[in-house]
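Remarks on the structure that follows.
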Amino acid sequence: MKKRVIAWILGTAMAASVVLTGCGGSSENSSAGLELLNVSYDPTREFYAKYNEMFLEHWKGEGGEDVTITQSHGGSGSQARSVIEGNEADVVTLALAHDVTAIEEAGLIDSGWLDEFDRDSSPYTSTIVFLVRKGNEKNIQDWDDLVKDGVEVITPNPKSSGGACWNFLAAWAYQQEQDGDNEEATKAFMKKLYENVLVLDSGARGATNTFVENGQGDVLIAWENEAYLSMEEYPDDYEIVTPSVSILAQPSVAVVDSNAKEHGSEEAAKAYLEYLYSDEAQRLAGENYYRPSSEEILQEFSDQFNLDMNLVTIDDFGGWDEAYQTFFDDGAVFDEIYSE
Amino acid sequence: MDAQIVKVKNKKGVRVIPGFGLSLGVTLAMLGCLVLIPLVSIFLSAAQLSFGDFIEVVTSRQVVSGYMVSLSCAFLAALVNAAFGTVLAWVLVRYDFPGKRLMDGLIELPFALPTAVAGISLTYLYSDQGWIGSLFDKIGIKIAYTRIGITIAMVFVGIPFVVRAVQPVLEKLDRQYEEAAMMLGASKLYTFFRVILPELFPALLAGFGLAFARGIGEYGSVVFIAGNIPYKTQIAPLLIMTKLEQYKYADATAIALVLLLLSFLLMFLINSIQIYMQKFSKA
Amino acid sequence: MSEKTKKAYETEETADGLHSIQKVIEPPHESSRPIIKYLLIGVCVLFLAVMLVIPLIVVAVNAFSDGWAAYQKAVMDEYTLKALWLTLLATVSAVVVNTIFGIFAAYLLSKFYFKGRQVLATLIDIPFSISPVIAGLVFILTFGNIGWMGDFLKAHDIKIVFAVPGVILATIFVTFPFVFRELFPVMNAQGKDEEEAAALMGANGFTIFRRITFPHIKWALLYGVILCTARAMGEFGAVSVISGHLRGKTNTLPLHVEILYNEFNTTAAFAVSSLLVILAVLILIARNIVEWKKK
């Protein structure tokens, strides 16, 4: 009797493990040739879908081996997290350096990645603008219009969204200029701004959907490229307003060294990111409403982008580590704003 | 745990029905591998915090308000489901009408519809631009992006629990008592509350508990319809996600652990009441 | 329930307790006044309409808002089909595993009394009450890079999280108690007298289960399987944490819906959702047919 019981248990356990490992095995065998996994954030979907084709053509022309590129998109923070937790990305193309640094701290990216590619490893940049409904009924022109009574603002939560960090810092930079160095006054302004926030989505795409699909709020604080994309989808419904002060948002790219080494894809991964700086790719970035980092090509898009905006950079805040600690860490400025 | 049960078995001597060892073995093995061992990871991860830090994380104002939002909305949603679920079960068991089968079949749909889809379509409906939301907007009630919206999403995901818990009991319910009560002249309402409801109570409670617990943990549909504003419409599972986005695993698991214990307590309470009432009714 | 009674029969409110004998002879339970009956039905219809049917109509309306061709394109898309395949794989795995578990666990808890029974029943229910977010997180913390089994798995080149096995595990986890929950009350209500009698007469365990227990529970079992299938197909939260969103590899249908929605491709998102609704409806129709045959 007892023996049979044990046999039964063993049998069940084995059946279960066969099911599980069987699946594991099959998923691994399917990889023929080299695979490149690009873990990116939400607004880059359209750009990378086209860029991957462009790169493959270029890569084949150079005589490189067969490569298939897989894309993954989501909020920048959660994408970085998935890489830390074991999503085997060969390259990451994320919204801000802070997220890449987190992967570096987990030991997956070698230090010094910021200088591995040109211009702080950000091949394209963007900035923060306002998207308003056609006609701009509330007459929103600049940041100080957002704190007026009755203006409903949509922006994501900086604690969970990289894009929202840029939004916050752009507003802060504007008001700091107005207040001089009076930090309390700037905080009061930010508090008012966030009191007007109707929905605090967890990611930039979620915020755009809330504004566009569900018709909430009067103004969306958004990535420039995201705003243009909404304009492209619904040309008659929205307008873009560029504030007097904004921030130069620098999305970062990096090779995930330890994964690439393991996959033997280092060379391809490096070439993949380097090719982003080529003229064709820069132009493609411009066509997808990212600001090309090459000055020359940026000028080609001068009627598309407002090049006269006063753009601060993250360095004005002392770099990402300092900015994050000052503003977004637990108990920091953002929590203070919401504490009362 | 294993050893303890074996000891009990030996004390009681031989069981008449065969298969105790086998079913105990399979149950524990599968439960252990698929549920308990992974769950241990939460404790391990939360244990990275010192006790003081743990308390600080789970009692911070934002987290406490997150628990409160989740608990209060889930409680309300479970109440709504208990009321409508009982009526639904009653109608499905006691009445015949055209479209009954359809109605019966619809009950499970909230399970099959991905919570994200539910969230998206509920938001679409109940926002002040939506079909239903715009009606309420006229009388000054905002549904989406408020706690009412959160409650509605939780009602949606919890619909099947109460109906399906009460329905079988109602079907099996011996109508003798009911008939006797009616014969003795009790009114319909009196009969329902004094004769039928007590019989249904354990099942109703179980359904209520499941709907409640499901609501507390619900994330996918709620994030779309909640405004996610701290202290107002931020639910506890969203706080867990936010902590994760900040790479604070230990903090996230600490919040998760408290949520888990709350649900466990709730389920334990309900199971105990059920088993107690069963003994009571058999005695 | 099956016996049909005369609808014509009606009771007056009997505060004075004066029922005529003739009325008592007829079964009084279908006696509710039509007003109450239709009121209650009306309440149900309204509730289901507002909470359930209209949201489904939203899905349908949006799915077809760009016409049939666009719908077809979204549904027949390569990634949609791959996601459909993964969803089916995960669902079947979850149903098989949870059915085996459900039968054993329900048998154990209903036919035997032992200490810790209550605790065990509650432990089984945990996946019900746990937030799907936590469910996904749990597997990351166990099998992921940062998990305590991470190094071991890496050394043996086994991938669980951000791969198909992780998706399957998460699906099994969230639907774990479904079959058990359906079987347990039925087995419990049936008691154990019949099994005891059979055992005393010398029947072995398997025979007892097959000949005595199983006939009692087959409808509940079927019902549990249907519920489990429905829930497994629709699971979003847990799978979303663990899948890594790798298009064409670890995306299930619900995740694919989210991705399409985030791509501003609302029509396609709702088209794919409608696929899930159709699958669910098919399952429920199957259940109705079986139920009908049972009678």
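The values are calculated or read from the model by the stated rules, or taken from the named source; none is laboratory data. It should be emphasised that the depicted structure is a prediction, and the values quoted were computed from it without experimental measurement. Positions of Cβ are backbone-derived with ideal geometry, glycine not excepted, and every protein chain shown enters the neighbour counts.
Residues that are more than 16 Å from A:Asp330 (Cα to Cα) and within 23 Å of the chain's Cα centre (by Cα) within the stretch B:44-69 comprise B:Tyr67, B:Met68, B:Val69, listed in sequence order.
Residues are listed down the side, and each one gets a yes or a no for (1) more than 28 Å from the chain's Cα centre (by Cα); (2) at pLDDT 90 or above; (3) in the same structural domain as B:Leu92 (by TED's automatic domain parsing); (4) not in a helix (DSSP H, G or I):
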site	(1), (2), (3), (4)
B:Ile132	no, yes, yes, no
B:Pro168	no, no, yes, no
B:Glu171	no, no, yes, no
B:Met182	yes, no, yes, no
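Of the residues in the stretch C:147-157, at least one is more than 16 Å from the chain's Cα centre (by Cα) and either within 27 Å of B:Asn271 (Cα to Cα) or facing chain B (nearest Cβ under 7 Å) (or both). When each of A:Asp179, A:Asp115, A:Asp144, A:Asp149 is tested for being of a type in the set (D, E, K, R) and within 25 Å of the chain's Cα centre (by Cα), the lone residue that passes is A:Asp115.
Highlighted here are the helices (runs of 4 or more DSSP H) found entirely within the stretch A:265-340 that include at least 1 residues which are among the hydroxyl-bearing types (Ser, Thr, Tyr): A:266-274.
The residue list B:Phe201, B:Phe193 contains one member that is farther than 30 Å from A:Ala102 by Cβ and touching a residue at least 60 places away in the same chain (Cβ under 8 Å), which is B:Phe201.
Entry remark, the stretch A:75-112: residues being in contact with a strand residue (DSSP E or B) (Cβ under 8 Å, 6 or more places away or on another chain), closer than 21 Å to C:Gly136 by Cα and not acidic (Asp, Glu) number 8 in total. Of all the criteria given as (1) without any contact (Cβ under 8 Å) to a residue 24 or more places away in the chain; (2) assigned to a helix (DSSP H, G or I); (3) touching a Phe, Trp or Tyr at 6+ places or on another chain (Cβ under 9 Å), the one not satisfied by B:Asp137 is (3). In the set (1) modelled with pLDDT of 90 or more; (2) charged (D, E, K, R); (3) in the same structural domain as A:Ala260 (by TED's automatic domain parsing); (4) over 25 Å from A:Gln176 (Cβ atoms), A:Glu88 fails one condition alone, (1).
Of B:Ala89, B:Ala77, B:Ala29, B:Ala83, all but one fail to be touching a Gly at 6+ places or on another chain (Cβ under 6 Å) and either under 24 Å from C:Phe178 (Cα atoms) or modelled with pLDDT of 90 or more (or both); the exception is B:Ala77.
All conditions but one from (1) over 27 Å from C:Ile242 (Cβ atoms); (2) in the same structural domain as A:Leu273 (by TED's automatic domain parsing); (3) touching a residue at least 60 places away in the same chain (Cβ under 8 Å) apply to A:Gly61; the one that does not is (3). Scanning the stretch C:67-92 for residues that are surrounded by 15 or more Cβ atoms within 10 Å (Cβ to Cβ), charged (D, E, K, R) and over 19 Å from C:Pro165 (Cα atoms) yields C:Lys73, C:Asp77. If you check A:Glu88 against the conditions, is it part of a loop (DSSP other than H, G, I, E, B), more than 29 Å from B:Tyr247 (Cα to Cα), of a type in the set (D, E, K, R) and in contact (Cβ under 8 Å) with a residue 60 or more places away in the chain? Here the answer is no, as A:Glu88 does not meet what is asked.
Mind telling me which of the residues B:Ala74, B:Ala78, B:Ala89 ends up being surrounded by 22 or more Cβ atoms within 10 Å (Cβ to Cβ), more than 29 Å from B:Thr233 (Cβ to Cβ) and touching a residue at least 12 places away in the same chain (Cβ under 8 Å)? I'd like the intermediate steps shown before the answer.
On the way: B:Ala74 fails: more than 29 Å from B:Thr233 (Cβ to Cβ); B:Ala78 fails: more than 29 Å from B:Thr233 (Cβ to Cβ).
Just a single option satisfies the conditions, and that option is B:Ala89.
From the list C:Leu246, C:Leu260, which residue is assigned by TED's automatic domain parsing to the domain that holds C:Thr171, more than 19 Å from the chain's Cα centre (by Cα), assigned to a helix (DSSP H, G or I) and not small (Gly, Ala, Ser)? Exactly one residue qualifies, and that residue is C:Leu260. The criterion of at least 1 residues that are more than 14 Å from every other protein chain (Cβ to nearest Cβ) and more than 26 Å from A:Pro43 (Cα to Cα) is met by the following helices (runs of 4 or more DSSP H) wholly inside the stretch A:148-216: A:162-179, A:183-195. The requirement of being among the small types (Gly, Ala, Ser), more than 10 Å from chain C (Cβ to nearest Cβ) and not in a helix (DSSP H, G or I) is fulfilled nowhere in the stretch B:209-220; no residue meets it. The set of residues in the stretch C:178-214 being in contact (Cβ under 8 Å) with a residue 24 or more places away in the chain and in a loop (DSSP other than H, G, I, E, B) consists of C:Lys192 alone. Picking from residues in the stretch C:262-275 that are over 14 Å from C:Glu78 (Cβ atoms) and surrounded by 24 or more Cβ atoms within 10 Å (Cβ to Cβ), the one that is nearest to the other protein chains (Cβ to nearest Cβ) is C:Ser273. Which one is modelled with the lowest pLDDT among residues in the stretch C:190-239 that are touching a Lys or Arg at 6+ places or on another chain (Cβ under 7 Å) and at the interface with chain B (Cβ under 7 Å from one of its Cβ atoms)? Per the stated criteria, the residue is C:Lys192. The helices (runs of 4 or more DSSP H) located wholly in the stretch C:94-177 that include 2 or more residues which are in the same structural domain as C:Asn188 (by TED's automatic domain parsing), out of contact with any Gly (no Cβ under 9 Å at 6 or more places or on another chain) and surrounded by fewer than 21 Cβ atoms within 10 Å (Cβ to Cβ) occupy C:117-129, C:150-155.
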